[in-house]
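Colleague: Got a structure for you, questions after.
All of the numbers you see were taken from the coordinates with simple rules; none came from a lab. Note that the structure is a prediction, hence the values are computed from the model and not measured.
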Amino acid sequence: MEYIRSHETEKLLEIYPYMQAVQNCLKQALSEGISKDDYIYSVAAGSKSLDGLPMPPKGTAGNPTCNIAISCTVVLERYLQEINKNLSDKVLIISMAVDRISCAFRRLPSLQQEVLKLHYWDKLTWKDISGKLSENHRYVSPNTAQLLRRKAIDRLTELVQFPRDEYTALMNILYDIAK
């Protein structure tokens, strides 16, 4: 099995907060589900609002109309099941990635964790990282901070052992969501 390399681990670490946010949103959407009425409304309305528009007149439905309605309901049920399965598959892939990164990250020494947080998530310069660490009585030069980042990424890559095909699937999901 082929695993990701360090530059791909860096990318995962960089987008880790985004992955957590997407994971939470998808879990919420999955728990709420999509109702038939919501789906029909979204198809009928598209991007326009139907609020305030008069409803079509009520009439009596004949047998052909009932048959069409029943078959549309069956198709709609299958479509909604497919949407929910697709959504749960995405949640699973993202959750596994978040858990892998989180577990591997916690196994790093605290100084390396701090350097990675400051560099990737807080987007600080090496000089600022050095200054921030010295505030906590951890005196590290900018060059040493860069060396700590490199060692941490290499160790994280070893610990996470992220298969390349899962990485590709994850990145495709995140790209599609970001569109």
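Colleague: In percent, what relative contact order does the stretch 112-179 have, based on Cα pairs under 8 Å that are 6 or more apart in sequence?
Modeller: 27
Colleague: Which entries in the list Lys11/Lys151; Lys11/Lys117; Lys11/Lys85; Lys27/Lys179 go over 21 Å, if you measure between the two C-alpha atoms of each?
Modeller: Beyond 21 Å between Cα atoms: Lys11/Lys85.
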